[in-house]
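To start, the structure under review is shown below, and the notes come after it.
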Amino acid sequence: MDCDVVIVGCGVAGLYAALNLPATSRVVMLSKGELDECDSMLAQGGICVLPEGDDYDSFFEDTMRAGHFENRRESVDIMIRSSRSVINDLVALGVEFNREADGSLAFTREGAHARPRIAFYRDVTGKAITSKLLERVQQLPNVEILDHTAMIDLLVEEGGCRGVVACPVTEEQSVRTIDELMPEDVTAPAFEIHAGATLLATGGIGGVYQHSTNFPQLTGDAVYLATKYGLETEHLDYVQIHPTGLYSQRPGRTFLISESCRGEGAVLLNQAGERFVDELQPRDVVAAAIREQMRADGSEHEWLSFAPVDPAVVREHFVNIRQRCLEDGRDILDESIPVVPTQHYFMGGVRVDRDSATSMPRLYAAGETSCNGVHGRNRLASNSLLEALVFARRAAYNIATGRSLEVEAAGEPALDGAHRATGFDASIDRLCAAPAISVPSASEPVSPARGESSSK
């Protein structure tokens with residue numbers, strides 16, 4: 001099979017990249033499991049955005065502080081200044097967000113944020129974004145999506161990536177790691193996908209943990225192959241534990257209780273019903289406090305109380321969370337729920353540059369499987385969707401033009417829900433019937449076309 005670009009993964013990074021590639025390019029996308037079995041679907045709290053230019057310094061400082069100042073400053077700057085264009089694209093594509101009475105975006109606040117700057121749709125923001133992006137990609141005649149198809153190797157020629165080796169997998173096989181999916185271990189034959197550029201967007205590593213909020217298909221496949229071929233990786237030990245997974249004795253994926261619950265006023269209580277921590281500190285701090293309290297109490301969980309939260313907010317903002325807790329026999333409007341820290345997010349991964357290029361020519365990585373340095377040691381709440389989208393768009397632009405996408409000024413463009421044209425007839429331009437507002441390219445190209453990117 002031959003194509004211009006192969007994208008491994010159908011979460012927000014892979015889908016948004018496909019939309020930002022030229023409408024004339026042939027794109028093949030792989031999904032290891034069902035199309036909705038990606039962690040992008042699970043994001044509850046929301047997606048960060050720079051609400052106005054004056055918030056830039058505060059947003060930057062909050063991101064750096066949460067990351068223990070180990071963040072790559074250039075990447076943080078790019079993410080924040082690109083946020084308004086990304087949100088405009090999502091709105092232009094048809095993604096719904098909660099709104100204020102005047103029609104402007106509603107913002108919520110989460111832990112370690114100095115102010116509300118998180119756009120959201122109830123408590124299912126990730127599903128709202130990912131489902132719409134998937135719907136739009138499925139409208140594209142130049143994109144072919146192969147579900148239940150796993151990447152098991154890279155095609156490498158003369159030191160550069162020329163595509164991937166893939167094989168069909170059953171639902172049962174989809175949760176296996178690459179070394180468990182070698183050709184001799186699968187029932188269907190492997191096949192090669194030759195491509196001018198390859199984007200790895202395979203998600204995180206939660207599938208290798210016993211308790212995780214992730215889908216089990218996320219088994220660190222891109223990192224495995226990066227190690228095999230000697231690609232640069234970074235911070236492979238930086239794994240985020242979310243403070244509030246719903247404690248349950250049921251087997252399988254842990255249900256996440258969004259940080260936005262605490263942002264709206266929910267409090268953590270010990271076994272005596274006493275508050276024991278400032279809930280709006282960074283995630284690693286709150287998770288550590290819960291674990292310490294569990295040891296002191298000799299308990300397997302602590303409690304999250306929604307008593308301080310306006311019941312109207314619970315009914316409108318936390319519909320999905322309330323329903324899931326009702327399935328366990330608890331109504332968050334009437335009683336506390338048991339919570340426990342659980343594996344949630346991977347800050348490390350395949351090292352990439354400002355254009356999401358890896359250290360191997362023609363190979364890119366975006367989303368949770370990549371490490372562009374935005375998150376440092378600990379991700380700031382609701383930066384994950386934004387970071388994935390920003391750097392997926394940059395990968396697509398670099399693949400299409402060989403140049404580095406210029407970054408907007410802080411506070412620009414207006415949050416008006418209008419897509420700005422890419423300048424090279426990307427699929428998103430056609431879908432959004434973009435007005436004649438082009439995003440200029442950088443004056444100096446970072447890498448030639450087809451991803452001949454330098455190592456960094």
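The values are calculated or read from the model by the stated rules, or taken from the named source; none is laboratory data. These numbers were taken from a predicted model, which means no experiment stands behind them. When we count neighbours, we look across all protein chains shown, and the Cβ atoms used for this are built from the backbone with ideal geometry, even at glycine. Calculation scope for accessible area: heavy atoms of the full protein, side chains included, ligands and nucleic acids excluded. Shrake-Rupley method; radii C 1.70, N 1.55, O 1.52, S 1.80 Å.
Here are the numbers for the structure shown:
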item: Residue match in segment 263-280 (condition: part of a helix (DSSP H, G or I) and either at pLDDT below 95 or farther than 16 Å from Asp123 by Cα (or both)); result: yes
item: Segment 296-306: number of residues that are part of a loop (DSSP other than H, G, I, E, B) and touching an Asp or Glu at 6+ places or on another chain (Cβ under 9 Å); result: 1
item: Selection from segment 266-275 of residues that are within 15 Å of Val286 (Cα to Cα) and either in contact with a Cys (Cβ under 9 Å, 6 or more places away or on another chain) or in contact (Cβ under 8 Å) with a residue 24 or more places away in the chain (or both); result: Ala266, Val267, Leu268, Leu269, Asn270
item: One residue from Thr198, Thr202, Thr187 being of a type in the set (Val, Ile, Thr) and farther than 25 Å from Leu90 by Cα; result: Thr187
item: Test: residue in segment 390-400 that is over 21 Å from Ala195 (Cα atoms), open to solvent by less than 10 Å² (accessible area, probe 1.4 Å) and part of a helix (DSSP H, G or I); result: yes
item: Those helices (runs of 4 or more DSSP H) lying entirely in segment 1-98 with at least 1 residues open to solvent by 30 Å² or more (accessible area, probe 1.4 Å) and either modelled with pLDDT of 95 or more or under 12 Å from Leu133 (Cβ atoms) (or both); result: 56-66, 73-93
item: Members of segment 296-315 found to be surrounded by 14 or more Cβ atoms within 10 Å (Cβ to Cβ) and over 11 Å from Tyr247 (Cβ atoms), listed by number; result: Asp297, Ser305, Phe306, Ala307, Val309, Val313, Val314
item: Positions within segment 316-334 being without any contact (Cβ under 8 Å) to a residue 12 or more places away in the chain and either exposed (fewer than 13 other Cβ atoms within 10 Å of the Cβ) or in a loop (DSSP other than H, G, I, E, B) (or both), in sequence order; result: Gln323, Leu326, Glu327, Gly329, Arg330, Asp331, Asp334
item: Residue identified as closer than 30 Å to Leu154 by Cα, touching a residue at least 40 places away in the same chain (Cβ under 8 Å) and touching a helix residue (DSSP H, G or I) at 6+ places or on another chain (Cβ under 9 Å) among Met64, Met29; result: Met29
item: Residues (open to solvent by 10 Å² or more (accessible area, probe 1.4 Å) and among the hydrophobic types (A, V, I, L, M, F, W, C)) located in segment 354-384; result: Met360
item: Members of segment 357-382 that are part of a strand (DSSP E or B), more than 29 Å from Cys261 (Cβ to Cβ) and of a type outside the set (Phe, Trp, Tyr); result: Ala357, Leu363, Ala365
item: Output for segment 100-114, where each listed residue is surrounded by fewer than 20 Cβ atoms within 10 Å (Cβ to Cβ) and within 24 Å of Asp62 (Cβ to Cβ); result: Glu100, Ser104, Leu105, Ala106, Phe107, Ala114
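Residues are listed down the side, and each one gets a yes or a no for (1) of a type in the set (Val, Ile, Thr); (2) touching a residue at least 60 places away in the same chain (Cβ under 8 Å); (3) assigned to a helix (DSSP H, G or I); (4) open to solvent by less than 50 Å² (accessible area, probe 1.4 Å):
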residue	(1), (2), (3), (4)
Leu225	no, yes, yes, yes
Gln249	no, no, no, no
Thr254	yes, yes, no, yes
Ser260	no, yes, yes, yes
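One line per residue, one yes/no per condition, for (1) open to solvent by 20 Å² or more (accessible area, probe 1.4 Å); (2) on the phi < 0 side of the Ramachandran plot:
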| position | (1), (2) |
| --- | --- |
| Ile129 | no, yes |
| Lys132 | yes, yes |
| Gln139 | yes, yes |
| Ile152 | no, yes |
| Gly163 | no, no |
| Asp179 | yes, yes |
| Glu192 | yes, yes |
